[in-house]
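Visitor: Below are the structure tokens for one structure; questions will follow.
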Amino acid sequence: MHISSLEKPDKSINGKPQSKYKREIVWRNVFAHLMIHLMGLYGLYVFIVSAKILTCAYAFMMLIGTGMGVTIGAHRFFTHQSFKANFPFRCVMAAMFTMSGENSICTWVRDHRQHHKYTDTDADPHNSTRGFFFSHCGWLMVRKHPEVIEKGKTIDISDLMADPVVRFQEKHYVLLYIALNTAAIMVPYLLWGESLQVSFWTTYALRITFVYNSSWLVNSLAHLHGIKPYNKKIKAVENLLVSLLTGGEGWHNFHHIFPSDYRAAEYGKAYDLSTILLDSMEKLGLVYDLRLTPQHLVNKWAKNFGDGSHPLGGEEEVTLATQDTPLSTNKHL
Ligand SMILES: [Zn+2]
Ligand SMILES: [Zn+2]
């Protein structure tokens with residue numbers, strides 16, 4: 001399970017946090033993350049030398065499914081509500097996300113909405129101005145900055161609690177995490193006679209370590225290295241490698257400007273498995289009301305605020321009002 005940084009600020013006087021933040025490492029979390037990564041490395045070794053081909057294929061499919069639980073489920077659906085989904089789909093997304101071990105849906109969504117609202121400030125849980133390691137996974141190994149705790153109380157997640165699927169996942173998260181991952185480990189053992197140990201290392205340890213790190217790269221690498229076609233003043237960038245590893249979440253400069261767009265990108269669909277799957281699921285009727293940003297708004301942002309890497313170039317117009325901040329519309333309108 002996600003080993004989160006603790007709710008308590010690092011120092012306090014009479015119950016009130018000090019204004020000056022001093023980093024305090026939570027060694028228990030450091031140890032837990034170290035163990036997870038050592039397990040993941042050993043899982044990679046087992047995957048290469050011992051796993052049956054069917055187990056390898058299954059581990060890969062589970063990796064995609066778990067990753068999609070984070071990208072399509074927790075991110076594009078539960079956090080940004082960039083489309084609507086029927087009950088079975090919400091259950092599947094909640095289950096796949098739970099298997100990632102990235103905490104309850106409510107906690108993940110609150111952190112991510114806070115990241116969008118206070119991007120790269122002290123109130124951002126994984127503030128990338130504190131460096132690659134902090135924004136990647138270091139933020140899970142230190143006590144939270146007092147600003148993160150304070151501003152976190154203002155993040156509205158009431159919409160989530162109206163969904164019985166989310167309430168159930170919140171209430172039974174640990175049990176669901178253990179049960180679903182145990183079931184996933186049992187499949188290769190029961191269906192094609194893989195050893196339980198090999199199944200554990202490949203379909204669990206390797207998978208969750210990979211999903212952790214690919215998810216974290218959106219917060220770290222996609223805030224540090226890449227182009228800024230839509231707004232050169234923010235740290236979020238477009239990063240192909242992150243998109244490849246996350247199924248389309250690396251077009252992060254676009255996403256920070258247009259967060260409710262279900263594609264999380266303007267271009268790059270070839271590297272955006274999440275969008276390809278969502279388009280297919282729409283045809284099957286599992287999801288609907290997918291939201292798109294009007295192209296003229298995308299073009300305006302690229303022209304006015306981009307770094308010039310957009311095909312339209314940058315800085316041609318100067319008339320964009322802040323009220324033009326994008327409100328995406330239904331894909332089919
Ligand atoms: Zn971001
Ligand atoms: Zn987002």
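The values are calculated or read from the model by the stated rules, or taken from the named source; none is laboratory data. On a predicted model such as this, the values are computed, not experimentally measured, just so you know. We place every Cβ from the backbone using ideal geometry, glycine too, and count neighbours over all the protein chains shown. For accessibility, only protein heavy atoms count, side chains too; no ligands or nucleic acids. Shrake-Rupley method; radii C 1.70, N 1.55, O 1.52, S 1.80 Å.
Visitor: Does at least one position in region 242-261 carry a residue that is surrounded by fewer than 24 Cβ atoms within 10 Å (Cβ to Cβ), on the phi < 0 side of the Ramachandran plot and away from ligand 2 (no atom under 14 Å from the Cβ)?
Guide: Checked region 242-261: at least one residue is surrounded by fewer than 24 Cβ atoms within 10 Å (Cβ to Cβ), on the phi < 0 side of the Ramachandran plot and away from ligand 2 (no atom under 14 Å from the Cβ).
Visitor: Of the numbered conditions (1) part of a helix (DSSP H, G or I); (2) farther than 30 Å from Leu292 by Cβ; (3) within 16 Å of ligand 1 (Cβ to nearest atom), Tyr42 satisfies every one except a single condition; which is it?
Guide: Failed condition: (3).
Visitor: Let me ask another. Scan Asp111, Asp159 and give me the residue that is crowded, with 20+ Cβ neighbours inside 10 Å, acidic (Asp, Glu) and outside any loop (DSSP other than H, G, I, E, B).
Guide: Step by step, each of Asp111, Asp159 is checked, and only Asp111 is crowded, with 20+ Cβ neighbours inside 10 Å, acidic (Asp, Glu) and outside any loop (DSSP other than H, G, I, E, B).
Visitor: Return the residues of region 82-99 that are part of a helix (DSSP H, G or I) and touching a Lys or Arg at 6+ places or on another chain (Cβ under 9 Å); say none if nothing qualifies.
Guide: Met99
Visitor: Can you tell me which residue in region 114-123 is farthest from ligand 1 (Cβ to nearest atom), limited to those that are open to solvent by 10 Å² or more (accessible area, probe 1.4 Å) and of a type in the set (S, T, N, Q)?
Guide: Going through the qualifying residues, I end up with Thr121.
Visitor: Looking only at region 131-143, which residues are within 19 Å of the chain's Cα centre (by Cα) and either away from ligand 1 (no atom under 16 Å from the Cβ) or of a type outside the set (Gly, Ala, Ser) (or both)?
Guide: Phe132, Phe133, Phe134, His136, Cys137, Trp139, Leu140, Met141
Visitor: With in contact (Cβ under 8 Å) with a residue 12 or more places away in the chain, closer than 23 Å to Phe78 by Cβ and more than 21 Å from the chain's Cα centre (by Cα) as the only criterion, which of Ala222, Ala184 stands out?
Guide: Ala184
Visitor: Hey, Asn29 hits all of (1) in contact with an Asp or Glu (Cβ under 9 Å, 6 or more places away or on another chain); (2) polar (S, T, N, Q); (3) farther than 19 Å from Ile185 by Cβ but one; which does it fall short on?
Guide: (1)
Visitor: Could you check region 235-305 for helices (runs of 4 or more DSSP H) lying wholly inside it with 2 or more residues that are within 23 Å of Phe97 (Cα to Cα) and more than 16 Å from the chain's Cα centre (by Cα)? Full working, then the answer.
Guide: Numbers: elements: 240-246, 252-257, 273-283, 295-305.
Correct list: 273-283.
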